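To start, the structure under review is shown below, and the notes come after it.
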Amino acid sequence: MPRWKDFRRFLDRNATFLRHGRNHDIYLYKGQRIRVSRSSAEIDSNTWKEILSKQLGITQEEFNAGLK
């Protein structure tokens with residue numbers, strides 16, 4: 001599973017940074033605001049599946065390609 005820092009790196013490359021929050025950063029991706037933890041911990045699998053399908057609307061392969 002990816003870590004929160006991987007998710008932030010994906011958004012840094014593919015979304016618009018809006019602002020820093022207290023414990024999270026906020027991005028605009030495909031017209032949707034996305035809050036991302038500043039933690040470096042691993043994202044649990046259920047949360048990651050929801051992030052991919054509901055927030056990003058992409059597959060794991062598309063996410064991986066967006067990191068390169």
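Selection over region 31-58 of residues that are of a type in the set (Ser, Thr, Tyr), surrounded by fewer than 16 Cβ atoms within 10 Å (Cβ to Cβ) and in contact with a strand residue (DSSP E or B) (Cβ under 7 Å, 6 or more places away or on another chain) gives a count of 1.
One residue stands out among those in region 33-68 that are among the small types (Gly, Ala, Ser) and in a helix (DSSP H, G or I): the one that is nearest to His20 (Cα to Cα), which is Gly66. Are any of the residues in region 13-30 crowded, with 16+ Cβ neighbours inside 10 Å and in contact (Cβ under 8 Å) with a residue 60 or more places away in the chain? Looking through region 13-30, none of the residues is crowded, with 16+ Cβ neighbours inside 10 Å and in contact (Cβ under 8 Å) with a residue 60 or more places away in the chain.
Scanning region 1-29 for residues that are under 11 Å from the mean Cα position of the chain (by Cα), of a type in the set (A, V, I, L, M) and part of a strand (DSSP E or B) yields Ile26, Leu28.
Taken over region 31-58, residues that are out of contact with any helix residue (DSSP H, G or I) (no Cβ under 8 Å at 6 or more places or on another chain) and without any contact (Cβ under 8 Å) to a residue 24 or more places away in the chain amount to 9.
Read-outs throughout are calculated quantities, based only on the coordinates presented, and are distinct from any laboratory measurement. Quick caveat, the model's predicted, so the values are computed rather than measured. We place every Cβ from the backbone using ideal geometry, glycine too, and count neighbours over all the protein chains shown.
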